[in-house]
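Step one of this worksheet: look at the structure below.
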Amino acid sequence: MIVTSFKANGPLPYMLGILAIVWIPFGLSDGIKDLFSFHFTSLHDVVIAIGALLFVGLYLWGSYENVRYLITTTPPLKRADTSVWLLIAVLIALSMMLVYLNEKDWGSCFIFVCAYSSTRLSTVQTVWITGGIMLYALIGAVVHAVSWSELGSALFLVGIVSFIVVAMVRSYRTGQELRLAREEIAHLAVTTERLRIARDLHDLLGHNLSLIALKSELAGRLLRKNVELASVEISDIEQVARRMLQEVREAVGSYRQPTLVSELYSAQEILNAAGIGYTYEGDEQILNDLPQAVESVFAWTVREGVTNIIRHSRSRQCIIRIMRSGQSGSVEIIDDGTGMTGQEHRPGNGLRGLTERVEALAGQLSAGPALQGGFCLAVSFPLTQQSEKPGSASYISNNARCSATC
């Protein structure tokens, strides 16, 4: 698994930490009121006060550890260690003691235990903890003759708090797994491309270099015996070297000049692998009628746009639109993700390189938030012989231009 850094995948861990603090005066309001009414003249009052302070302190410390755990750990997750179970046991013991000494006023402590357990334990373990607390509440209600309405309210709160916290944490973990999967897909795509280039270069250069080595060795031997034959071998070496140089240039040229059809096919493959929906809109005929230089830049636009979607957008849908209007053609890559703001909105190396390619053909590039949310990268060119001077393109990040095109 490729892990780039330890950082929160959204605000949820911090929200849980804030809720853990804000919830205390509301959830333990009855018990806190009783504390302020105590005169602390008896051992009973002192024990309740100490137990309450210990419970709140341990719960806050455990909530802090949960927030740190959510931020700094990545799937696959390890099982809860002994310290987690020990803290849960202590919290349950303190809750039982407070309820025993002061009956119902501290019963809500068990809700806090469920909240902590749901954040740190697996779903199955959370169900066992929650079920055990519900069973204890049921037995206590029967022993102390608690009304069914109060019992039902308590059981509902315990169950709903556990369910909500489990759902929030699992949703956060799913988003984290998806982000890591996308990073891994992008990493594997780069690795695969490097392996392909290495394989092609080996196939291209291996034979010719072996031939040059053999002929050089033969020419060195012939220099002592037959200069004419040695000169023939040296001439062959020159021809092989020139042919190899030409083949390398053609190979590099094919890497640097991708075709639009192949890039659309690659975009569909990588988007599908990342779990992002792919939709193509446009004129099929234009794919065959584009000038070679324009097709190459359109292909680079598709590659850059799809790469940025995989790495940054967190989108679920991507639309690639290729259109022809009069004597101009355009390509647009639109996603429904989070877009880019602030520092992220500044062009990176990819967009700067793409802008340079567009400038060379007097085209126009725009990149920014789309009208209906997400991000839009658009490039357009005149399909006739360009009459404008090169250098008219620029990186346009204002919303007006992007909204107009996307």
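Within segment 284-329, report the trypsin sites (Lys or Arg not before Pro) that DSSP leaves as loop and that have at most 16 other Cβ atoms within 10 Å.
ARG316
Suppose R0 equals 51 Å; then what is the FRET efficiency for SER231 and TYR280 from their Cβ-Cβ distance, rounded to the nearest 0.05? Can you show the working numbers first?
On the way: r = 59 Å, r/R0 = 1.15.
E(calc), rounded to 0.05, equals 0.30.
If each residue of separation counts as 0.36 nm, what is the full-extension length gain between LEU60 and ARG79 once their alpha-carbon separation is subtracted?
The span from LEU60 to ARG79 would gain 4.7 nm if fully extended.
Given a Förster distance of 60 Å, report the FRET efficiency between LYS33 and GLU193 from their Cβ-Cβ distance, rounded to the nearest 0.05.
FRET efficiency, LYS33 to GLU193: 0.35.
Give the relative contact order (percent, whole number) for segment 12-182; include only Cα pairs under 8 Å separated by 6+ residues.
25 percent
Which ³J(HN,Hα) values in Hz, rounded to whole numbers, follow from the phi angles of segment 114-123 under the Karplus curve 6.51 cos²θ - 1.76 cosθ + 1.60, where θ = phi - 60° and Gly and Pro get x?
5, 4, 5, 5, 5, 6, 9, 8, 6, 4
From the C-alpha coordinates alone, can you work out the Kirkwood hydrodynamic radius of segment 84-220, in Å?
Values: mean 1/r = 0.0504 Å⁻¹.
About 19.8 Å, per the Kirkwood formula over Cα pairs.
Stokes-Einstein D for segment 12-182 at 4 °C, 1.567 mPa s, Kirkwood Rh over Cα pairs, in µm²/s?
After rounding, the answer is 77 µm²/s.
Values in this text are rule-based calculations from the coordinates and carry no lab data. Quantities reported herein were computed from a predicted structural model and do not represent experimental measurements. Every residue, glycine as well, gets a Cβ built from its backbone with ideal geometry; the counts of neighbours run over all protein chains shown.
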